[in-house]
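A.B. asks: Handing you this structure, nothing more for now.
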Amino acid sequence: MLSLGFGAGFPGIDAVEALREMEGRLKKGSQRLLEGARAKEDGFGWLDLPDSPPEGLFDSVAWLSGFDSVVQIGIGGSALGNRMISSALGHPFYNELTRKERMAPRFYIADNADPEKTSAILGMIDPSRSGFIVASKSGSTAETMANFLFFLDELERSGVKDPAGNILVVTDEKRGVLRSFAKESGCRSLPVPEAVGGRYSVLSAVGLLSAGAQGIDISSLLLGASVMKKNLSGRMGTGEDPARVLAASAIRHYEEGRNILVLMPYSDNLASFSEWFCQLWAESLGKEGWGSTPLRAQGATDQHSLLQLFTDGPDDKLYLFLVPASRRDLVLPGASWESLEELSYLGDKTMGSILDQEALSTASALARKGRPVFWLEVPVIDAFHLGGLVFFFEYVTALTGLSLGLNPFDQPGVEQGKRYTYGLMGRSSFESDADEARIQFRSIMADSAGLLEDCHS
(Lines give C-alpha, C1' and ligand atoms only; values in the text may rest on other atoms or scores of the structure.)
Protein backbone atom coordinates (compact mmCIF):
# COMPACT_ATOMS: atom_id res chain seq x y z
CA MET A 1 0.00 0.00 0.00
CA LEU A 2 2.77 2.46 0.98
CA SER A 3 6.51 2.45 0.52
CA LEU A 4 8.91 4.24 2.87
CA GLY A 5 12.49 5.19 2.10
CA PHE A 6 14.92 7.22 4.22
CA GLY A 7 18.44 8.56 3.97
CA ALA A 8 20.94 11.09 5.29
CA GLY A 9 20.13 9.80 8.71
CA PHE A 10 22.15 10.16 11.89
CA PRO A 11 25.45 12.01 12.36
CA GLY A 12 28.26 9.69 13.29
CA ILE A 13 26.11 6.57 13.41
CA ASP A 14 24.60 4.13 10.92
CA ALA A 15 20.82 4.40 10.57
CA VAL A 16 20.28 0.70 11.25
CA GLU A 17 22.43 0.92 14.37
CA ALA A 18 20.54 4.00 15.54
CA LEU A 19 17.25 2.19 15.22
CA ARG A 20 18.66 -0.85 17.00
CA GLU A 21 19.54 1.37 19.96
CA MET A 22 15.88 2.40 20.12
CA GLU A 23 14.65 -1.19 20.34
CA GLY A 24 13.86 -1.15 24.05
CA ARG A 25 11.71 1.98 23.92
CA LEU A 26 9.93 0.85 20.76
CA LYS A 27 9.14 -2.54 22.27
CA LYS A 28 7.71 -0.80 25.31
CA GLY A 29 5.59 1.47 23.12
CA SER A 30 4.32 -1.42 20.97
CA GLN A 31 3.37 -3.47 24.03
CA ARG A 32 1.57 -0.52 25.57
CA LEU A 33 -0.35 0.01 22.32
CA LEU A 34 -1.49 -3.62 22.28
CA GLU A 35 -2.40 -3.61 25.98
CA GLY A 36 -4.44 -0.42 25.71
CA ALA A 37 -6.30 -1.69 22.66
CA ARG A 38 -7.14 -5.04 24.27
CA ALA A 39 -8.31 -3.41 27.49
CA LYS A 40 -10.27 -0.76 25.53
CA GLU A 41 -8.65 1.96 27.61
CA ASP A 42 -9.59 5.60 27.20
CA GLY A 43 -7.87 7.08 24.16
CA PHE A 44 -7.23 3.76 22.39
CA GLY A 45 -10.67 3.47 20.77
CA TRP A 46 -9.49 4.84 17.40
CA LEU A 47 -7.86 1.46 16.74
CA ASP A 48 -11.32 -0.11 16.41
CA LEU A 49 -12.88 2.56 14.18
CA PRO A 50 -11.95 1.03 10.79
CA ASP A 51 -13.87 -2.15 11.59
CA SER A 52 -16.85 -0.73 13.48
CA PRO A 53 -18.79 2.03 11.70
CA PRO A 54 -21.55 3.41 13.93
CA GLU A 55 -25.08 2.11 13.57
CA GLY A 56 -27.15 4.53 11.53
CA LEU A 57 -24.17 6.06 9.71
CA PHE A 58 -25.27 5.26 6.18
CA ASP A 59 -28.92 6.17 6.84
CA SER A 60 -27.74 9.54 8.17
CA VAL A 61 -25.54 10.05 5.12
CA ALA A 62 -28.55 9.41 2.86
CA TRP A 63 -30.60 11.92 4.89
CA LEU A 64 -27.90 14.61 4.64
CA SER A 65 -27.55 14.01 0.91
CA GLY A 66 -31.07 15.31 0.39
CA PHE A 67 -30.23 18.88 1.48
CA ASP A 68 -29.00 21.66 -0.79
CA SER A 69 -26.11 22.36 1.60
CA VAL A 70 -24.42 20.63 4.53
CA VAL A 71 -22.63 22.64 7.23
CA GLN A 72 -20.14 20.97 9.57
CA ILE A 73 -20.10 22.87 12.88
CA GLY A 74 -17.00 21.87 14.82
CA ILE A 75 -13.40 22.83 15.43
CA GLY A 76 -10.04 21.07 15.75
CA GLY A 77 -10.57 17.34 15.34
CA SER A 78 -14.19 17.98 14.37
CA ALA A 79 -13.22 20.11 11.38
CA LEU A 80 -9.64 19.47 10.25
CA GLY A 81 -10.33 15.85 9.31
CA ASN A 82 -13.48 16.83 7.42
CA ARG A 83 -11.57 19.42 5.42
CA MET A 84 -8.75 16.95 4.82
CA ILE A 85 -11.02 14.27 3.34
CA SER A 86 -12.96 16.76 1.20
CA SER A 87 -9.78 18.36 -0.15
CA ALA A 88 -8.07 15.05 -0.84
CA LEU A 89 -10.95 13.32 -2.61
CA GLY A 90 -13.27 16.05 -3.83
CA HIS A 91 -13.14 18.52 -6.69
CA PRO A 92 -10.92 21.52 -5.72
CA PHE A 93 -13.82 23.86 -6.60
CA TYR A 94 -16.55 21.54 -5.38
CA ASN A 95 -19.06 24.19 -4.32
CA GLU A 96 -18.81 25.97 -7.66
CA LEU A 97 -20.06 22.91 -9.53
CA THR A 98 -23.75 22.59 -10.32
CA ARG A 99 -25.88 20.20 -8.31
CA LYS A 100 -26.02 17.92 -11.37
CA GLU A 101 -22.22 17.91 -11.56
CA ARG A 102 -21.74 17.40 -7.82
CA MET A 103 -24.65 14.99 -7.37
CA ALA A 104 -24.44 16.02 -3.73
CA PRO A 105 -25.00 19.05 -1.46
CA ARG A 106 -22.59 21.95 -1.23
CA PHE A 107 -20.35 21.70 1.83
CA TYR A 108 -19.18 24.30 4.34
CA ILE A 109 -17.24 24.14 7.61
CA ALA A 110 -18.05 26.56 10.44
CA ASP A 111 -15.06 26.06 12.71
CA ASN A 112 -13.68 29.29 14.09
CA ALA A 113 -15.90 31.69 15.99
CA ASP A 114 -15.15 34.36 13.40
CA PRO A 115 -18.20 36.46 12.55
CA GLU A 116 -16.85 37.27 9.09
CA LYS A 117 -16.71 33.62 8.04
CA THR A 118 -19.93 32.59 9.79
CA SER A 119 -21.78 35.47 8.12
CA ALA A 120 -20.30 34.48 4.77
CA ILE A 121 -21.55 30.90 5.14
CA LEU A 122 -25.01 32.18 6.03
CA GLY A 123 -24.94 34.31 2.91
CA MET A 124 -24.25 31.23 0.77
CA ILE A 125 -26.97 28.91 2.13
CA ASP A 126 -30.69 28.73 2.69
CA PRO A 127 -30.88 27.49 6.31
CA SER A 128 -34.26 25.87 5.71
CA ARG A 129 -32.73 23.71 2.97
CA SER A 130 -29.48 22.94 4.82
CA GLY A 131 -28.41 20.10 7.09
CA PHE A 132 -26.22 20.96 10.08
CA ILE A 133 -23.77 18.49 11.62
CA VAL A 134 -22.82 19.70 15.11
CA ALA A 135 -19.77 17.79 16.28
CA SER A 136 -18.36 18.12 19.80
CA LYS A 137 -17.68 15.20 22.09
CA SER A 138 -18.01 17.30 25.23
CA GLY A 139 -20.78 19.49 23.87
CA SER A 140 -19.08 22.44 25.56
CA THR A 141 -16.51 23.66 23.03
CA ALA A 142 -17.09 27.42 23.02
CA GLU A 143 -16.45 28.08 19.32
CA THR A 144 -18.61 25.17 18.22
CA MET A 145 -21.47 26.03 20.53
CA ALA A 146 -21.38 29.68 19.44
CA ASN A 147 -21.80 28.67 15.79
CA PHE A 148 -24.45 26.13 16.77
CA LEU A 149 -26.54 28.71 18.61
CA PHE A 150 -26.22 31.13 15.71
CA PHE A 151 -27.37 28.67 13.03
CA LEU A 152 -30.10 27.24 15.28
CA ASP A 153 -31.49 30.76 15.60
CA GLU A 154 -31.29 31.26 11.84
CA LEU A 155 -33.19 28.00 11.33
CA GLU A 156 -35.92 29.24 13.65
CA ARG A 157 -36.02 32.60 11.82
CA SER A 158 -36.31 30.85 8.44
CA GLY A 159 -39.74 29.58 9.33
CA VAL A 160 -38.87 25.88 9.50
CA LYS A 161 -41.61 24.19 11.54
CA ASP A 162 -39.15 21.87 13.27
CA PRO A 163 -35.63 23.41 13.31
CA ALA A 164 -34.24 20.32 15.04
CA GLY A 165 -35.24 18.35 11.96
CA ASN A 166 -32.31 19.93 10.10
CA ILE A 167 -29.76 19.10 12.81
CA LEU A 168 -27.62 16.06 13.51
CA VAL A 169 -25.42 16.09 16.61
CA VAL A 170 -22.30 13.96 17.00
CA THR A 171 -21.37 13.88 20.65
CA ASP A 172 -20.81 11.77 23.74
CA GLU A 173 -23.30 8.94 23.91
CA LYS A 174 -24.39 9.64 27.50
CA ARG A 175 -23.56 13.16 28.68
CA GLY A 176 -23.05 16.78 27.72
CA VAL A 177 -25.11 19.72 26.44
CA LEU A 178 -25.53 18.33 22.92
CA ARG A 179 -26.70 14.96 24.25
CA SER A 180 -29.28 16.78 26.38
CA PHE A 181 -30.34 18.84 23.36
CA ALA A 182 -30.75 15.70 21.26
CA LYS A 183 -33.01 14.17 23.92
CA GLU A 184 -35.08 17.33 24.30
CA SER A 185 -35.44 18.15 20.61
CA GLY A 186 -35.55 14.66 19.12
CA CYS A 187 -32.96 15.60 16.50
CA ARG A 188 -30.80 12.97 14.86
CA SER A 189 -27.66 11.97 16.70
CA LEU A 190 -24.67 9.67 16.41
CA PRO A 191 -22.10 8.95 19.13
CA VAL A 192 -18.44 9.76 19.41
CA PRO A 193 -17.08 6.55 20.95
CA GLU A 194 -16.15 7.13 24.57
CA ALA A 195 -12.55 5.95 24.13
CA VAL A 196 -11.85 8.14 21.06
CA GLY A 197 -10.36 11.62 21.37
CA GLY A 198 -11.13 14.44 18.95
CA ARG A 199 -7.91 14.41 16.92
CA TYR A 200 -8.23 10.64 16.40
CA SER A 201 -11.93 10.79 15.45
CA VAL A 202 -11.85 11.37 11.69
CA LEU A 203 -12.79 7.74 10.93
CA SER A 204 -15.83 7.99 13.21
CA ALA A 205 -19.12 9.75 12.49
CA VAL A 206 -17.26 13.02 13.13
CA GLY A 207 -15.46 12.78 9.78
CA LEU A 208 -17.44 10.19 7.84
CA LEU A 209 -20.85 11.90 7.79
CA SER A 210 -19.80 14.97 5.81
CA ALA A 211 -17.60 12.88 3.52
CA GLY A 212 -20.44 10.49 2.73
CA ALA A 213 -22.85 13.38 2.13
CA GLN A 214 -20.47 14.66 -0.56
CA GLY A 215 -20.54 11.32 -2.33
CA ILE A 216 -17.15 10.14 -1.08
CA ASP A 217 -16.86 6.37 -0.72
CA ILE A 218 -16.59 6.09 3.06
CA SER A 219 -16.70 2.28 2.91
CA SER A 220 -13.43 2.38 0.95
CA LEU A 221 -11.97 4.85 3.44
CA LEU A 222 -12.69 2.42 6.27
CA LEU A 223 -11.47 -0.56 4.26
CA GLY A 224 -8.14 1.16 3.54
CA ALA A 225 -7.70 1.92 7.23
CA SER A 226 -8.60 -1.65 8.16
CA VAL A 227 -6.08 -3.11 5.70
CA MET A 228 -3.40 -0.76 7.04
CA LYS A 229 -4.24 -1.81 10.60
CA LYS A 230 -3.77 -5.49 9.71
CA ASN A 231 -0.59 -4.69 7.80
CA LEU A 232 0.99 -2.77 10.66
CA SER A 233 -0.13 -5.31 13.27
CA GLY A 234 1.48 -8.09 11.26
CA ARG A 235 4.79 -6.23 11.02
CA MET A 236 4.89 -4.85 14.57
CA GLY A 237 8.32 -5.17 16.10
CA THR A 238 10.00 -6.38 12.89
CA GLY A 239 12.61 -4.66 10.74
CA GLU A 240 9.93 -4.19 8.05
CA ASP A 241 7.66 -2.13 10.30
CA PRO A 242 7.53 1.37 8.71
CA ALA A 243 5.70 2.83 11.72
CA ARG A 244 8.50 1.63 13.98
CA VAL A 245 11.14 3.14 11.67
CA LEU A 246 9.44 6.52 11.52
CA ALA A 247 8.66 6.66 15.26
CA ALA A 248 12.21 5.67 16.19
CA SER A 249 13.67 8.18 13.77
CA ALA A 250 11.48 11.02 15.04
CA ILE A 251 12.63 10.32 18.62
CA ARG A 252 16.30 9.92 17.75
CA HIS A 253 16.42 13.02 15.57
CA TYR A 254 14.72 15.02 18.32
CA GLU A 255 17.44 13.92 20.70
CA GLU A 256 20.01 15.02 18.11
CA GLY A 257 18.52 18.51 18.09
CA ARG A 258 16.12 18.14 15.17
CA ASN A 259 12.96 19.15 16.95
CA ILE A 260 10.92 20.11 13.87
CA LEU A 261 9.15 17.57 11.64
CA VAL A 262 8.36 18.94 8.17
CA LEU A 263 5.58 17.18 6.27
CA MET A 264 5.80 18.12 2.61
CA PRO A 265 3.18 16.56 0.30
CA TYR A 266 3.65 16.98 -3.44
CA SER A 267 -0.03 17.22 -4.21
CA ASP A 268 -2.44 20.11 -3.73
CA ASN A 269 -5.03 17.51 -2.77
CA LEU A 270 -2.99 16.71 0.34
CA ALA A 271 -2.43 20.28 1.54
CA SER A 272 -5.16 19.91 4.17
CA PHE A 273 -3.75 16.52 5.14
CA SER A 274 -0.76 18.44 6.52
CA GLU A 275 -3.07 20.65 8.60
CA TRP A 276 -4.78 17.58 10.03
CA PHE A 277 -1.41 15.97 10.77
CA CYS A 278 -0.11 19.07 12.56
CA GLN A 279 -2.89 18.88 15.14
CA LEU A 280 -2.45 15.13 15.54
CA TRP A 281 1.31 15.34 16.10
CA ALA A 282 1.42 18.55 18.17
CA GLU A 283 -1.42 17.78 20.60
CA SER A 284 -0.40 14.16 21.03
CA LEU A 285 3.32 14.68 21.64
CA GLY A 286 3.82 18.22 22.90
CA LYS A 287 3.92 17.56 26.64
CA GLU A 288 6.20 16.97 29.62
CA GLY A 289 8.94 19.03 27.98
CA TRP A 290 9.02 16.88 24.84
CA GLY A 291 7.78 18.37 21.61
CA SER A 292 8.71 17.75 18.02
CA THR A 293 7.08 20.70 16.26
CA PRO A 294 5.17 19.81 13.07
CA LEU A 295 5.62 22.18 10.15
CA ARG A 296 3.55 21.99 6.98
CA ALA A 297 5.15 22.72 3.64
CA GLN A 298 3.64 22.29 0.19
CA GLY A 299 5.54 20.93 -2.77
CA ALA A 300 6.43 22.51 -5.07
CA THR A 301 4.98 25.82 -3.85
CA ASP A 302 7.14 26.11 -0.75
CA GLN A 303 10.32 25.43 -2.68
CA HIS A 304 9.89 29.11 -3.52
CA SER A 305 9.46 30.24 0.08
CA LEU A 306 10.94 27.80 2.61
CA LEU A 307 13.58 25.78 0.77
CA GLN A 308 16.34 28.34 1.31
CA LEU A 309 15.82 27.94 5.07
CA PHE A 310 15.61 24.15 4.77
CA THR A 311 18.91 23.80 2.88
CA ASP A 312 21.07 26.56 4.36
CA GLY A 313 19.40 27.25 7.69
CA PRO A 314 19.87 25.38 10.98
CA ASP A 315 20.01 21.61 10.91
CA ASP A 316 17.01 21.26 13.23
CA LYS A 317 14.46 19.52 11.00
CA LEU A 318 13.42 16.06 9.87
CA TYR A 319 11.79 16.01 6.42
CA LEU A 320 8.96 13.72 5.37
CA PHE A 321 7.98 13.85 1.70
CA LEU A 322 4.54 12.51 0.78
CA VAL A 323 4.32 11.74 -2.92
CA PRO A 324 1.60 10.02 -5.00
CA ALA A 325 2.99 7.46 -7.46
CA SER A 326 0.27 8.25 -10.00
CA ARG A 327 -2.07 11.16 -10.56
CA ARG A 328 -4.32 12.71 -13.16
CA ASP A 329 -2.01 14.41 -15.65
CA LEU A 330 -1.78 17.04 -18.37
CA VAL A 331 0.53 16.84 -21.40
CA LEU A 332 2.31 20.11 -22.14
CA PRO A 333 2.43 21.43 -25.71
CA GLY A 334 5.62 22.41 -27.43
CA ALA A 335 6.67 26.08 -27.58
CA SER A 336 5.08 27.50 -30.77
CA TRP A 337 6.55 31.02 -30.46
CA GLU A 338 10.19 31.73 -31.31
CA SER A 339 10.56 33.84 -28.18
CA LEU A 340 9.57 30.78 -26.12
CA GLU A 341 12.06 28.38 -27.73
CA GLU A 342 14.03 28.26 -24.50
CA LEU A 343 11.04 26.44 -22.97
CA SER A 344 11.15 23.64 -25.58
CA TYR A 345 12.51 21.23 -22.94
CA LEU A 346 9.03 21.18 -21.44
CA GLY A 347 7.39 20.09 -24.70
CA ASP A 348 5.63 16.71 -24.55
CA LYS A 349 6.36 16.47 -20.84
CA THR A 350 3.51 16.13 -18.38
CA MET A 351 2.70 18.60 -15.62
CA GLY A 352 2.69 15.73 -13.13
CA SER A 353 6.21 14.70 -14.17
CA ILE A 354 7.41 18.22 -13.35
CA LEU A 355 5.97 17.89 -9.84
CA ASP A 356 7.52 14.43 -9.46
CA GLN A 357 10.96 15.65 -10.55
CA GLU A 358 10.63 18.69 -8.28
CA ALA A 359 10.03 16.35 -5.34
CA LEU A 360 13.00 14.17 -6.26
CA SER A 361 15.26 17.17 -6.81
CA THR A 362 14.31 18.84 -3.52
CA ALA A 363 14.75 15.65 -1.51
CA SER A 364 18.14 15.10 -3.17
CA ALA A 365 19.25 18.68 -2.49
CA LEU A 366 18.38 18.25 1.19
CA ALA A 367 20.18 14.90 1.37
CA ARG A 368 23.26 16.48 -0.23
CA LYS A 369 23.31 18.92 2.70
CA GLY A 370 23.12 16.02 5.15
CA ARG A 371 19.51 16.71 6.09
CA PRO A 372 17.49 13.62 7.11
CA VAL A 373 14.86 12.84 4.48
CA PHE A 374 12.02 10.33 4.49
CA TRP A 375 10.19 9.50 1.28
CA LEU A 376 6.66 8.14 1.74
CA GLU A 377 5.03 7.08 -1.52
CA VAL A 378 1.32 6.35 -1.87
CA PRO A 379 0.17 4.54 -5.05
CA VAL A 380 -2.74 6.90 -5.74
CA ILE A 381 -4.88 9.39 -3.84
CA ASP A 382 -8.24 7.65 -3.57
CA ALA A 383 -10.54 6.77 -0.68
CA PHE A 384 -8.88 3.41 0.00
CA HIS A 385 -5.33 4.76 0.19
CA LEU A 386 -6.35 7.91 2.07
CA GLY A 387 -7.94 5.71 4.76
CA GLY A 388 -4.67 3.83 4.97
CA LEU A 389 -2.65 7.05 5.24
CA VAL A 390 -4.88 8.35 8.03
CA PHE A 391 -4.51 5.19 10.08
CA PHE A 392 -0.76 5.02 9.43
CA PHE A 393 -0.12 8.52 10.76
CA GLU A 394 -2.39 7.95 13.76
CA TYR A 395 -0.50 4.74 14.51
CA VAL A 396 2.94 6.35 14.16
CA THR A 397 1.92 9.25 16.39
CA ALA A 398 0.53 7.00 19.11
CA LEU A 399 3.54 4.66 18.94
CA THR A 400 5.95 7.60 19.22
CA GLY A 401 4.20 8.94 22.30
CA LEU A 402 3.91 5.59 24.04
CA SER A 403 7.56 4.79 23.30
CA LEU A 404 8.48 8.01 25.09
CA GLY A 405 6.27 7.17 28.07
CA LEU A 406 3.85 9.98 27.19
CA ASN A 407 0.08 9.84 27.00
CA PRO A 408 -0.61 10.68 23.34
CA PHE A 409 -4.35 10.92 23.94
CA ASP A 410 -4.71 13.76 26.47
CA GLN A 411 -4.23 17.51 26.02
CA PRO A 412 -3.69 19.19 29.39
CA GLY A 413 -2.14 22.29 27.82
CA VAL A 414 -5.28 22.97 25.79
CA GLU A 415 -7.62 22.66 28.74
CA GLN A 416 -6.25 25.68 30.63
CA GLY A 417 -6.92 27.95 27.67
CA LYS A 418 -10.46 26.59 27.51
CA ARG A 419 -10.97 27.32 31.23
CA TYR A 420 -9.79 30.91 30.76
CA THR A 421 -12.21 31.34 27.85
CA TYR A 422 -15.12 29.93 29.83
CA GLY A 423 -14.35 32.30 32.72
CA LEU A 424 -13.94 35.40 30.56
CA MET A 425 -17.21 34.64 28.76
CA GLY A 426 -19.06 34.41 32.07
CA ARG A 427 -19.58 30.66 32.42
CA SER A 428 -20.51 29.72 35.96
CA SER A 429 -17.82 28.13 38.17
CA PHE A 430 -14.94 29.56 36.13
CA GLU A 431 -14.71 32.97 37.81
CA SER A 432 -11.26 32.35 39.31
CA ASP A 433 -9.96 31.33 35.87
CA ALA A 434 -11.18 34.65 34.47
CA ASP A 435 -9.34 36.56 37.20
CA GLU A 436 -6.16 34.60 36.57
CA ALA A 437 -6.37 35.18 32.81
CA ARG A 438 -6.68 38.93 33.31
CA ILE A 439 -3.63 38.95 35.61
CA GLN A 440 -1.58 36.98 33.07
CA PHE A 441 -2.62 39.24 30.21
CA ARG A 442 -1.78 42.39 32.15
CA SER A 443 1.75 41.03 32.56
CA ILE A 444 1.97 40.69 28.78
CA MET A 445 0.80 44.23 28.15
CA ALA A 446 2.70 45.87 31.03
CA ASP A 447 5.37 47.34 28.77
CA SER A 448 3.33 47.77 25.62
CA ALA A 449 4.21 50.51 23.15
CA GLY A 450 2.10 52.12 20.47
CA LEU A 451 3.31 51.43 16.94
CA LEU A 452 0.81 53.57 15.06
CA GLU A 453 0.08 57.07 16.19
CA ASP A 454 -3.27 58.74 15.65
CA CYS A 455 -2.71 61.08 12.73
CA HIS A 456 -6.23 62.49 12.55
CA SER A 457 -6.23 66.27 12.66
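The values are calculated or read from the model by the stated rules, or taken from the named source; none is laboratory data. Predicted, not measured: the structure shown is a model, and the values here were computed from it. For neighbour counting, all protein chains shown are included, and Cβ atoms are generated from backbone atoms with ideal geometry for every residue, glycine included.
A.B. asks: Please pick out the residue among LEU346, LEU355, LEU386 that is in contact with a Ser or Thr (Cβ under 9 Å, 6 or more places away or on another chain), surrounded by fewer than 20 Cβ atoms within 10 Å (Cβ to Cβ) and of a type outside the set (D, E, K, R).
C.D. replies: Working: LEU346 fails: in contact with a Ser or Thr (Cβ under 9 Å, 6 or more places away or on another chain); LEU386 fails: surrounded by fewer than 20 Cβ atoms within 10 Å (Cβ to Cβ).
Criteria check complete, one pass: LEU355.
A.B. asks: On to the next question. So GLY423 clears everything in (1) among the small types (Gly, Ala, Ser); (2) modelled with pLDDT under 90; (3) surrounded by fewer than 12 Cβ atoms within 10 Å (Cβ to Cβ) except one condition, right? Which one?
C.D. replies: Condition (3) is where GLY423 drops out.
A.B. asks: Could you identify the single residue in GLU173, GLU184 that is more than 28 Å from the chain's Cα centre (by Cα) and among the charged types (D, E, K, R)?
C.D. replies: Unique residue meeting the criteria: GLU184.
A.B. asks: When residues of the range 294-308 are filtered for being farther than 20 Å from MET351 by Cβ and either in the same structural domain as TYR94 (by TED's automatic domain parsing) or touching a Lys or Arg at 6+ places or on another chain (Cβ under 9 Å) (or both), how many remain?
C.D. replies: Residues meeting the conditions: 1.
A.B. asks: Please verify whether PHE392 is out of contact with any Ser or Thr (no Cβ under 6 Å at 6 or more places or on another chain) and outside the structural domain of CYS278 (by TED's automatic domain parsing), treating the condition exactly as stated.
C.D. replies: no
A.B. asks: Could I ask something else about it? Have a look at ALA243, ALA247, ALA225, ALA271 and point out the one that is closer than 27 Å to GLN357 by Cβ and not assigned by TED's automatic domain parsing to the domain that holds ASN166.
C.D. replies: Matching residue, one of ALA243, ALA247, ALA225, ALA271: ALA271.
Let's see how each residue does on (1) touching a residue at least 12 places away in the same chain (Cβ under 8 Å); (2) β-branched (Val, Ile, Thr); (3) touching a Phe, Trp or Tyr at 6+ places or on another chain (Cβ under 6 Å):
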site	(1), (2), (3)
GLY224	yes, no, yes
VAL227	yes, yes, no
LEU232	yes, no, yes
LEU246	yes, no, no
TYR254	yes, no, no
ASN259	yes, no, no
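A.B. asks: Scanning the range 139-180 for residues that are in contact with a Gly (Cβ under 9 Å, 6 or more places away or on another chain) and in a loop (DSSP other than H, G, I, E, B), which turns out modelled with the lowest pLDDT?
C.D. replies: The residue in question is SER140.
A.B. asks: Also, quick follow-up: When you scan the range 406-430, how many residues do you find that are touching a helix residue (DSSP H, G or I) at 6+ places or on another chain (Cβ under 6 Å) and either over 27 Å from VAL396 (Cβ atoms) or in a helix (DSSP H, G or I) (or both)?
C.D. replies: Summing the residues that are touching a helix residue (DSSP H, G or I) at 6+ places or on another chain (Cβ under 6 Å) and either over 27 Å from VAL396 (Cβ atoms) or in a helix (DSSP H, G or I) (or both) in the range 406-430 gives 6.
A.B. asks: Next question, about the same structure. Quickly run through the range 291-316 and pick out the residues that are in a helix (DSSP H, G or I) and buried (at least 18 other Cβ atoms within 10 Å of the Cβ).
C.D. replies: GLN303, LEU307, PHE310
A.B. asks: Additional query: Of everything in the range 22-61 that's in contact with a strand residue (DSSP E or B) (Cβ under 8 Å, 6 or more places away or on another chain) and either part of a helix (DSSP H, G or I) or without any contact (Cβ under 8 Å) to a residue 24 or more places away in the chain (or both), which residue is surrounded by the most Cβ atoms within 10 Å (Cβ to Cβ)?
C.D. replies: SER60
A.B. asks: Can you tell me how many residues in the range 364-392 are touching a strand residue (DSSP E or B) at 6+ places or on another chain (Cβ under 9 Å), part of a helix (DSSP H, G or I) and under 23 Å from LEU280 (Cβ atoms)?
C.D. replies: Going through the range 364-392 one residue at a time, the tally reaches 5.
A.B. asks: Can you name every residue in the range 101-144 that is surrounded by fewer than 19 Cβ atoms within 10 Å (Cβ to Cβ) and within 27 Å of ARG175 (Cα to Cα)?
C.D. replies: Answer for the range 101-144, where residues must be surrounded by fewer than 19 Cβ atoms within 10 Å (Cβ to Cβ) and within 27 Å of ARG175 (Cα to Cα): ASN112, ALA113, SER138, SER140, ALA142.
A.B. asks: Separate question: Is it true that some residue in the range 323-340 is part of a helix (DSSP H, G or I), assigned by TED's automatic domain parsing to the domain that holds ARG368, more than 29 Å from ALA367 (Cβ to Cβ) and not aliphatic (A, V, I, L, M)?
C.D. replies: So the first thing to find is which residues in the range 323-340 are part of a helix (DSSP H, G or I), and the list is 338-340.
Now narrow it down to the ones that are assigned by TED's automatic domain parsing to the domain that holds ARG368: 338-340.
Among the residues that remain, those that are also more than 29 Å from ALA367 (Cβ to Cβ) are: 338-340.
After this cut, where a residue has to be not aliphatic (A, V, I, L, M) as well, the list is 338-339.
Checked the range 323-340: at least one residue is part of a helix (DSSP H, G or I), assigned by TED's automatic domain parsing to the domain that holds ARG368, more than 29 Å from ALA367 (Cβ to Cβ) and not aliphatic (A, V, I, L, M).
A.B. asks: Please state which of the following conditions MET264 fails to meet, knowing it meets all the rest: (1) in a strand (DSSP E or B); (2) of a type outside the set (Ser, Thr, Tyr); (3) not assigned by TED's automatic domain parsing to the domain that holds GLY29.
C.D. replies: (3) is the only condition that MET264 fails.
A.B. asks: If ALA363 satisfies every condition in (1) out of contact with any Leu (no Cβ under 8 Å at 6 or more places or on another chain); (2) surrounded by fewer than 17 Cβ atoms within 10 Å (Cβ to Cβ) but one, which is the exception?
C.D. replies: (2)
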